[in-house]
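None of the figures in this text is laboratory data; all of them are computed from the coordinates on show. As the structure is a computational prediction, the values presented were derived from the model and not from experiment. Note: ideal-geometry Cβ built from the backbone for every residue, glycine included; neighbour counts use all protein chains shown.
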Amino acid sequence: MRIRTPARILAITAVSVLALGASACTQAEQKTAEANVDAAGEKAADVAAQTGEVVESGAMKAAQAVESGAGKVADKLEAEQAEAAREGRPGAVDPATDTRVPAKD
């Protein structure tokens, strides 16, 4: 499924206007069509740039959320491992010393 972005719609419009301009009968009509194409092209470029900024902003926010969530998970796991190491549970790693609790034979 294709997504119709404003930039894509404007680009299609610009091509349509250009096609109309090419079929215009008089020089004045062709000049008007060219001016419309130029304006549509500039608008399409502006919309595309703005769309890029919106996408980049969303990606930044998502990355920040992932980073924050990962930090919280790491803190929780570290606390659980510290507790397990203090209790002497085999396989746990003491985060303070980075040593594993040995298995009981």
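Tell me which lysines have Cα within less than 29 Å of residue 104's Cα, excluding those fewer than 8 residues away on the same chain? The reachable lysines, counting only those whose Cα sits under 29 Å from residue 104, are 76. Label-to-label distance, residue 61 versus residue 45, with points set 7 angstrom from Cα along the beta-carbon direction: 2.9 nm. Modelled label positions at residue 54 and residue 98, each set 7 Å beyond Cα in the direction of Cβ, lie 4.6 nm from each other.
Stretching the chain fully between residue 38 and residue 74 yields a gain of 7.6 nm (0.36 nm per residue, less the alpha carbon separation).
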